[in-house]
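The values are calculated or read from the model by the stated rules, or taken from the named source; none is laboratory data. Note that the structure is predicted; figures quoted are calculated from it, not measured. Glycine gets a Cβ as well: all are built from the backbone with ideal geometry, and neighbour counts include every protein chain shown. Remember, those area values only see protein heavy atoms, side chains included, never the ligands or the DNA or RNA. Shrake-Rupley method; radii C 1.70, N 1.55, O 1.52, S 1.80 Å.
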Amino acid sequence: MAVSQYQHAEKYESNEVDLYHKKILKEPQHLAFFSPTMAEYLKKEIPGKKILDIGCGPGHWSYKAAEHGAKSVDGFDIQEEMVELAKKANFKFRNVKIQVGDIMCMPYDDNTFDVAVGFYIPCALRLEACIKLFRELYRVLVPGGKAVVVTHSSPAFEKLFLRDGADKTAVEEKITTVSKNLKQRPSQNEIVDALKSLDEVIEGNFTLDENGYLQRACNLTNGEALWAKTQIITFPNNFYDDQFIQQQCNAAGLNIDRIENYYTEE
């Protein structure tokens, strides 16, 4: 297992796994995480097919695929706590199998799956691992198989969600102050503590500038490390744009059927 290739996959603590699961359950239920048009697309692709759920987490989407008539669903995640949570949730479907596995070397034979789905997986991978991901997808899919990969876009990283009543200008000033108070090239724990102090920020993304100081995420380059603050946890992330994803798919032998950009306003 090449743990060094992962940006945050093993950062979740046990209590955070449970909180993450509860947060997922509140997500929109149109096949979870997808735009309505992509959800409809998958509803047509899933029935009777062998499905792979990459980085399945607590298994919420694996079971959603089973509900929509998949012949079988295999899910894997690098984190044992997530896999155990997913297994405990499976009271209904006998055609769902969840196991511990590594994206760098997926635990499946060549030409196995009709459809592979990955939610925000590139964000969790360093550059070398992200490139490897698409090669592994090509390997495990049957000829003519399809991969659906969901990832963040640059506008999504730049969004800042604030608590009701928060003054955006005042929050921006506080972010500037917090950044200045951090030393150059701060440690992981120092970054987490600093972002936790931004009580008015529900979710937002930050990065270190060229001089090693914390700032809002903007003008991103492929593979750049980010720090995503959510309501429950703060963890490092990565950015990859559409052009990079398309290049890596082509290099791996995957033909791009469609790229859909979907934004939600909260």
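Straight-line reach from K71: which lysines have a Cα under 25 Å away, not including same-chain ones fewer than 8 places off?
Excluding near neighbours in sequence, the set is K43, K44, K49, K50, K87, K88, K92, K97, K146.
How much area per residue is accessible in the stretch 151-233 when the probe is 1.4 Å and only protein heavy atoms are counted (Å²)?
That works out to 55 Å² for each residue.
Mean separation of Cα pairs under 8 Å and 6+ residues apart, divided by the residue count of the stretch 149-262: what relative contact order is that in percent?
Once divided by the residue count of the stretch 149-262, the mean separation gives 26 percent.
For a quick protection proxy, order the peptides 200-212, 120-132, 184-196 by their average other-Cβ count within 10 Å, most packed first.
Per-residue Cβ counts within 10 Å, averaged per peptide and sorted highest first, yield 120-132, 200-212, 184-196.
Give me the one-decimal nm value for the distance between modelled label points at Q215 and D109, 7 Å along each residue's Cα-to-Cβ direction.
Simple spin-label model gives 5.3 nm for this pair.
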